[in-house]
Each structure stands twice: as C-alpha cells, then as structure tokens.
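Notes follow once the structure below has been shown.
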Amino acid sequence: MADLIWLIPAFPAIGFLINGLLGVRFPKTLTAWVACLSVIASFAVSATIFVQFLQLPPESRVFEKTVFDWIVSGDFKTQIGFRIDALSIIMCLIVSGVGSLIHIYSVGYMHDDPGFRRYFTYLNLFVFMMLTLVTGDNVLLMFVGWEGVGLCSYLLIGFWYEKDSAANAGKKAFIVNRIGDFGFLLGVFLLVGTLGAAGVWTLKFSELQANVHLIGPGLATAITLLFFVGATGKSAQIPLYVWLPDAMEGPTPVSSLIHAATMVTAGVYMIARLNFLYVLAPTTLLIVTVVGLLTAFFAATIGCAQYDIKRVLAYSTVSQLGYMFVGVGAGAYAAGVFHLMTHAFFKGLLFLAAGSVMHAMSGELDMRKMGGLRKKIPITYWTTFIACLAIAGIPGLSGFFSKDEILWMAFSRHHSFWFWLLGAITAGMTAFYMFRMFFNTFHGECRASEEVKHHIHESPKVMTIPLMILAVLSIVGGYVGVPHLLGGSNHIEKWLEPVFGHHAPAATTHADGFGIVSTAFASSAEPAAGGAAGAEMMLMIGAIIIGLLGIFIAWLFYVKNPELPKKFVQKFQGLFTLVHNKYFVDELYGFIFVRGLFKIGAICKEFFDETIIDGIINGIAAALYGIGSLIRRVQNGLVQGYAFAIIFGAIIVIGYLISRIL
C-alpha cells in the first residue's frame, strides 16, 4: 500500500477538478459528496499506511516514491516524488482526518450559501496542496505546497469578496505571506549554492541529510534563519503574525481547517522536517525559542481583551503556534509535533463550536450579546467545555501532556527558568481568556435581542457529530505522549525517533540561579531520572496551579461577580485600550510600512520615473526629432538636388577607389 502514497494528495486533487470543472451542473448534494469522499479517501489511505507502519521495525518506516523527473538542469535534478515516514504519516492523518470532519461540518454550515460549489472546490484544493507540502520528498516540492496553501488561504479568506473587509483581509494575508516566502526562497537559493559548491546538486531530504556535514555552522545559521523567516509568515509569528486575526473574515470552517489545524502549522512542520539542518545552528534554535515565547505571551495578552469570539480564538492560535516553536526551538521536535497534533483537535473543535454558536445566534460574533446558551445548545456547550479544558492544560486532557512537555523541554534544554516561567504565565492567561469566552458565551443571562433569542437552536447533526468526534480526540489524543514521569512511555516520541534521532540540542543559555529548580535536573536526555524527576514534577504542578488560577479568575470575573470586569476596565482604562486595540501594531505597520512605501513610491515616481526615466526617453526622442528635422531639409523634392547628390557621391566613391589603386 505504501507504493500508492501518491494517492494521498491525488484524491483531493481529483475532487477539486471534478467540482471545479463539472460542479456547476451538479446539485449541492453531489458536490458535497465528491468533496467529502475525496478527503475521506485520503484519510483511508493514510490510515492504512499507518497500520502497515505499526507492523514494521522503526528503521523500516520510510518509503519514497518518485513519479517523474521534474527539473533537470546540468548536474541539478529534482523530481516529483513523495516520502512517507513517521513524521509525514502523522501530518497526513491530521490533515486528512480533521479535514474530513471539517468538510462534513461545512455541508451543514454552508448549505444556504450561494458559493457552495466554489467553497468546496477551494477546500479540496487546499487539502491537496497541504498534503503535497507534507508528503513531498524534496524542498522544492514542499515549497509548491507551501505556496499553494497560501493561495488557497487568500481565496478562502476573501471567499465573501463582496465585503470590503473580507477582500482586504485576503490581500493582507497574501502580501504578508509573500514577505515570509521571500526569506524561504533565499534560504533555498543559499542551500543549493552551498551544496552545489561542494558538488552536491540536490534538494531531496534524504540526500540533504546525508550531505549536511558539507555545510559550515555560519552558513547553516544563515540558511535556517532564512527558512525561519518563511515560517514566521506562514505560521503567524512576530513580526509577521498580523494577517491571521484578520483572516477570521472567512467562513468559520475555513478558520478551523486552515488557520488553526493545518496550514499555520506548516512552519513547525518545515523546521521539524529540516531538523538535521537546525541542529547545526544553535543560534537559530535559540532565536526560534525566543520568538515563539514572545509571540505566545504577546498574543495571549491581546486575547484577554477581545470581544469577538473568533478573534479570541485567532489570537489563541497565534499564541499556541508560539508554543510549538518553543518546542522545536528547544530541539524537542517530537514535543512540537505532539502539540501540533493535540492543538489540531481542540482548536479545530473550538472554531467549529464557535461556528455552531454563530449558527444559533444568527451570525453574531460579539460575546457581549451572548450568554445563557448552556441549555439551549447543550452539545455545543459540552464540546466547547472539553476543548477549553484541553487548551487550558487541565490534567487528563490532550493539551496538558503536550503543553507540559514543551514547558519542561524549554526549561531543561535551554537551562532557563525564565523560559519556563514566561511559558507558564502564558498558559495561565490562555486558561483565563478561554474560560472568559466560555462563561460569556454560555453562562449568565442571555444578552441577545428578542428576535435572535427566538431563533436560538442547536446545530444539525451534520455539524454536531464532528464536534463530538473532535471532543473525544481532545480528551484521548494526549495519551500517546504520556511522559515517563507519569508512568507513560511517550509513544509519540518513540514513534518519531527514526526521523529526529537522538539529536542533542545545543544549550545556548545557562542555569540562572533559581536554587533547586535550576540545579535539580541531572540530565535532559532522561527527564525522569534522579533529580530531574523532582524538578519536572515541581514545574508540572506549578503550571497546573497557574492554569487553574486563570480559570478561577475568569469564573470570579464573569460568573461570580460580573461587575468586576467593568471596574477593572475603568481603573485601567489606558492599559485596556492599548491591549484591546492590539497594541496598535496594525496602525504602526500601516504608518511605517504602508504609508512609508507609498511615500517612497511617490518619490521614485516623481524623481526616478518622471525625471530620470522619462527624461532619458524624452531626451532621446528630442534628439532624434532634431536629427530628423535636419535630414528633412535635404529631402526637398527638387530633382536637380537629388542629381547633384548622386553625382557628388559618385565622385567621392570613384576618388576613394583611385586612391586605393595608387
């Protein structure tokens, strides 16, 4: 079956072509069946290969299939080829599995939309591109998928292009991602040039890994930093995160699939896939960790002050992506991928639950106009509650295991208590703003208008069944990574070991003098050994307490005493205004970059274009006009003048020939 890995991306591509070319003649039901079955088929192939992999020894869990030669130029050659290993099969299961549920959910959510066929065409195209990204066996094919998901993101964010806000959000996402992709391309060029100088002309992952020793530390740092620039754009990290909150203008299932569960994790996957490069660049790994931590904290603070339910989830996504980068930046690639997986479950669920709330509330997004929905939409209520517990890191749910693994690795691998503390505080804020959203939406008195109250109802089964499946995954999904400390075997780490090996991350910071916390661990390679077990348990308990404190504060503010938030805002009006307005980063970017580039463009237009370019062109034209005017005087129409010119010319030619003879 592994020989048919090309079918994984092929099925959604077929669905895209059928609905895109013939769907205009199809009824909605047939369009939905084609779109959903194509992704389900990809999931079935992925699951079959996964089961086969389980029966193989770890070192044999890799298969490559070359379809045809793609680019051949001199010594350089790259193919259209696919690679399935422990990492890519997990990504395929996530993309096709969660994607299948979201396709099914979308049948109910988009049922009355006039763009129903176009929506599913775009959605299939996205899944095809995302699966190409994660199954491609070389950097160039991965980049095709990378660009493809960016294009699909643009199409789906601006799906309701009649609205200026949606059209502008699509353009913003496209442009910001192009900035990051420029860095990615520079990284590709530098990688090809570096290996090419050593006589190695390839971009295939297996061959890159075999020849990675030819890349010096300095060049490795430059290459990995350029790739990380691409990751900051695609995965919405500082400073290129600004597109993702505006991307909520698209349909809610799009936010769940593209901007929570799959596309935005492409940067994390890219670093994990190129782990053999990043281990050569400890400086880059430290930068990845710091950027991830700052993004996680920064986005979490903004999420605490938003009223739009989808924007709360958007900033939560940015924050959780920061956690994933902390994991891979610490060299704990398995921990980063583990959180990527659990995040796909609970964040995909949260966005779909938000869509169910919007469905019940006639499209309302403002939490201040909600409340009291607990008994009216019970399935949405309980599934949202489970997802909130998971993302808050409550023990027993999936988010707890992956988040705690990342916090521990950030502490032990970089030897920095501050990294752990900032991550733990961010986890506490996550618990606060998620339960702030939960309590505002489902508890208290209903603050909707009477007309909206009259229409509040639970979503149909085609929408609630995917919610329930994702809720189950949000509970049990973390048990594949139970740490040794809690008596588990961390199966996902063992599963990914053939891909990541035993790379020892470079410690780029040092223990910072926090007594037992900084000195308790004896070896980061065996977290549960000796003093390390005590330190890990201490930090785990600390993170749990911080998370529970965040939930308690949310309960105190929005259930026990709903007047407290108003008093807080009144007392700290300036701070709230700053955070609510996202620290005015969009305005700052608009002033510095947008207006700045417009001014530079105006200067270039007036000076370079109009003065220099136009001046040169107009000068040449004037010179030719002058020459033409002089020549025109010779062409006067008098025959005797022409005869004189002929005779005069003949005399000159004859004189020249005679002079040559003499």
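Scan Ile8, Ile14, Ile102, Ile80 and give me the residue that is of a type in the set (A, V, I, L, M, F, W, C) and part of a strand (DSSP E or B).
Going through Ile8, Ile14, Ile102, Ile80 in turn, the sole match is Ile80.
In the stretch 204-233, which residues are touching an Asp or Glu at 6+ places or on another chain (Cβ under 8 Å) and either buried (at least 24 other Cβ atoms within 10 Å of the Cβ) or not small (Gly, Ala, Ser) (or both)?
Across the stretch 204-233, the qualifying residues are Lys204, Phe205, Gly230, Gly233.
I'd like the residue in the stretch 11-51 that is over 21 Å from Leu101 (Cβ atoms) and not β-branched (Val, Ile, Thr) and, out of all such residues, is surrounded by the most Cβ atoms within 10 Å (Cβ to Cβ).
Of everything passing the filter in the stretch 11-51, Gly23 is surrounded by the most Cβ atoms within 10 Å (Cβ to Cβ).
Please go through the stretch 40-66 and give me each residue that is among the β-branched types (Val, Ile, Thr) and either in contact with a Pro (Cβ under 6 Å, 6 or more places away or on another chain) or more than 18 Å from Leu93 (Cα to Cα) (or both), ordered by number.
Once the filter is applied, which keeps residues that are among the β-branched types (Val, Ile, Thr) and either in contact with a Pro (Cβ under 6 Å, 6 or more places away or on another chain) or more than 18 Å from Leu93 (Cα to Cα) (or both), the stretch 40-66 yields only Thr66.
Please work out which one of (1) of a type in the set (Phe, Trp, Tyr); (2) under 16 Å from the mean Cα position of the chain (by Cα); (3) modelled with pLDDT under 95 is the condition Tyr307 fails and give its number.
(2)
Report yes if some residue within the stretch 219-232 is outside the structural domain of Ala86 (by TED's automatic domain parsing) and part of a loop (DSSP other than H, G, I, E, B); otherwise report no.
No, the stretch 219-232 has no match at all.
The conditions are (1) surrounded by 15 or more Cβ atoms within 10 Å (Cβ to Cβ); (2) more than 28 Å from Arg117 (Cβ to Cβ); (3) more than 24 Å from the chain's Cα centre (by Cα), and Leu56 fails exactly one of them. Which is it?
Among (1) surrounded by 15 or more Cβ atoms within 10 Å (Cβ to Cβ); (2) more than 28 Å from Arg117 (Cβ to Cβ); (3) more than 24 Å from the chain's Cα centre (by Cα), the lone unmet condition for Leu56 is (1).
Whether any residue in the stretch 240-263 is among the aliphatic types (A, V, I, L, M), outside any helix (DSSP H, G or I), surrounded by 24 or more Cβ atoms within 10 Å (Cβ to Cβ) and within 18 Å of the chain's Cα centre (by Cα) is what I want to check.
There is no residue in the stretch 240-263 that is among the aliphatic types (A, V, I, L, M), outside any helix (DSSP H, G or I), surrounded by 24 or more Cβ atoms within 10 Å (Cβ to Cβ) and within 18 Å of the chain's Cα centre (by Cα).
Determine which single condition Tyr323 fails, assuming it passes every other condition in (1) without any contact (Cβ under 8 Å) to a residue 40 or more places away in the chain; (2) more than 29 Å from Gly108 (Cα to Cα).
With (1) without any contact (Cβ under 8 Å) to a residue 40 or more places away in the chain; (2) more than 29 Å from Gly108 (Cα to Cα) applied to Tyr323, the lone miss is (1).
Looking only at the stretch 36-66, which residues are in a helix (DSSP H, G or I) and among the polar types (S, T, N, Q)?
Ser38, Ser42, Ser46, Thr48, Gln52, Ser60
Pick from Leu140, Leu131: which is part of a helix (DSSP H, G or I), of a type outside the set (Gly, Ala, Ser) and in contact with a strand residue (DSSP E or B) (Cβ under 7 Å, 6 or more places away or on another chain)? Even if it seems obvious, please write down each step before you answer.
Numbers: Leu131 fails: in contact with a strand residue (DSSP E or B) (Cβ under 7 Å, 6 or more places away or on another chain).
None of the others qualify; the one that does is Leu140.
The values are calculated or read from the model by the stated rules, or taken from the named source; none is laboratory data. Treat the numbers as computed from the prediction; the structure is a model and nothing was measured. Neighbour counts run over all protein chains shown; Cβ positions are idealised from the backbone, glycine included.
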